[in-house]
2 protein chains.
Amino acid sequence: MIEISNAELSVMQVLWQRQPLSANDVVAALGNDKDWHEKTVKTLLNRLVSKGALGFDKDGRAYLYYPLIAEQDYQQQQSRSFVERIFAGRVAPLVAGFASQNKLNADDVQQLKQLIADWEQEQHHD
Amino acid sequence: MIEISNAELSVMQVLWQRQPLSANDVVAALGNDKDWHEKTVKTLLNRLVSKGALGFDKDGRAYLYYPLIAEQDYQQQQSRSFVERIFAGRVAPLVAGFASQNKLNADDVQQLKQLIADWEQEQHHD
DNA sequence: CCTTATAGATTACATCTGTAATACATTTAA
DNA sequence: TTAAATGTATTACAGATGTAATCTATAAGG
């Protein structure tokens, strides 16, 4: 399993949004949120390539980077391991924590209801 | 915010279950799951004390360790930061991932329904 | 053509983490 | 009462991570 560090993740997220991008485009895209030196971003790009998380095509002497792993796959793998580690694998207690901190809004609840409806549908038709 | 590493977390989890415990008790409790040398566990206990995550009382020349932070607080803080980082703060997509991987069971769904019911109750009575 | 700017590659360096080993103090067994 | 065992404290050391600076090759401007 490819391990992506926190700083590296921010770079991946830029490239999950738009792809492929040059190093400078990534630097620019990160400019808003992060106060990182250009060199720092290039290091992160390099490490991600080494790890096999990014690939690139050459465009002149610059590179155009693109993700080699899908965001959804990454999200799901991370979710599983997080919930496993912190909540012994059960997702409901995590949601309960959000509820108790008033971090649930109407949209979330709407989506959860839909998920549950789908799940129940799935249950009874097989 | 106190940062607890992965290995350290396993030690905390032992002490969240039973408390206070001597170093040897912790070593024994971890024996089942982890293949850690006794010295390793003691190092982790030490680091957790340094970080302010554990306290201890002396019992002769041994120490009896106990958590200084509550498991629930830790879980909620970690949940928030995880969901923030991976899902831009929205919890529903995380649950959707579980659903799509067939990682939801009837218990989870039951609990989620209850949470939703409580949430809706809460909404309309204020 | 030659100089300079710029892209990626390599190197740097402190801190954190995993995983112990060693040192030191003290209790206990012989 | 002295040696061994045992508890904590200190030290070790490699790899990951955050955060760059420097090196090297080449494209572009004068």
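The values are calculated or read from the model by the stated rules, or taken from the named source; none is laboratory data. This is a predicted model, so every value here is computed, not measured. All Cβ positions, glycine included, derive from the backbone under ideal geometry; neighbour counts span all protein chains shown.
Taking the stretch A:71-126 as the region of interest, the helices (runs of 4 or more DSSP H) fully inside it that hold 3 or more residues being more than 8 Å from chain B (Cβ to nearest Cβ) are A:71-87, A:106-124. Among the numbered conditions (1) at pLDDT below 95; (2) under 23 Å from B:Gln75 (Cα atoms), the only one that A:Val95 does not meet is (1). From the set of residues in the stretch B:56-67 that are touching a strand residue (DSSP E or B) at 6+ places or on another chain (Cβ under 9 Å) and more than 15 Å from B:Val14 (Cβ to Cβ), which is surrounded by the most Cβ atoms within 10 Å (Cβ to Cβ)? Among those that are touching a strand residue (DSSP E or B) at 6+ places or on another chain (Cβ under 9 Å) and more than 15 Å from B:Val14 (Cβ to Cβ), it is B:Ala62. Among the residues of the stretch A:58-78, some residue qualifies, meaning at least one is in contact (Cβ under 8 Å) with a residue 40 or more places away in the chain and polar (S, T, N, Q).
Can you name the residue in the stretch A:13-35 that is within 14 Å of another protein chain (Cβ to nearest Cβ) and surrounded by fewer than 19 Cβ atoms within 10 Å (Cβ to Cβ) and, of all such residues, is nearest to DNA strand C (Cβ to nearest atom)?
The first filter runs over the stretch A:13-35 and keeps only residues within 14 Å of another protein chain (Cβ to nearest Cβ), leaving A:13-14, A:16-17, A:33-34.
Imposing the further condition that a residue be surrounded by fewer than 19 Cβ atoms within 10 Å (Cβ to Cβ) reduces the set to A:13, A:16-17, A:33-34.
Numbers: A:Gln13: 19, A:Trp16: 19, A:Gln17: 18, A:Asp33: 20, A:Lys34: 17 Å.
Taking the candidates together, the pick is A:Lys34.
Tell me, yes or no, whether the stretch B:54-69 has at least one residue that is part of a loop (DSSP other than H, G, I, E, B), out of contact with any Gly (no Cβ under 9 Å at 6 or more places or on another chain), within 14 Å of chain A (Cβ to nearest Cβ) and under 27 Å from A:Gly89 (Cα atoms). Looking through the stretch B:54-69, none of the residues is part of a loop (DSSP other than H, G, I, E, B), out of contact with any Gly (no Cβ under 9 Å at 6 or more places or on another chain), within 14 Å of chain A (Cβ to nearest Cβ) and under 27 Å from A:Gly89 (Cα atoms). Is it fair to say B:Glu38 is within 12 Å of chain A (Cβ to nearest Cβ) and either surrounded by fewer than 14 Cβ atoms within 10 Å (Cβ to Cβ) or within 16 Å of DNA strand C (Cβ to nearest atom) (or both)? Spelling it out, it is not the case that B:Glu38 is within 12 Å of chain A (Cβ to nearest Cβ) and either surrounded by fewer than 14 Cβ atoms within 10 Å (Cβ to Cβ) or within 16 Å of DNA strand C (Cβ to nearest atom) (or both). Taking the criterion of being within 18 Å of the chain's Cα centre (by Cα) and polar (S, T, N, Q), the residues of the stretch B:54-105 that qualify are B:Gln72, B:Gln75, B:Gln76, B:Gln77, B:Gln78, B:Ser79, B:Ser81.
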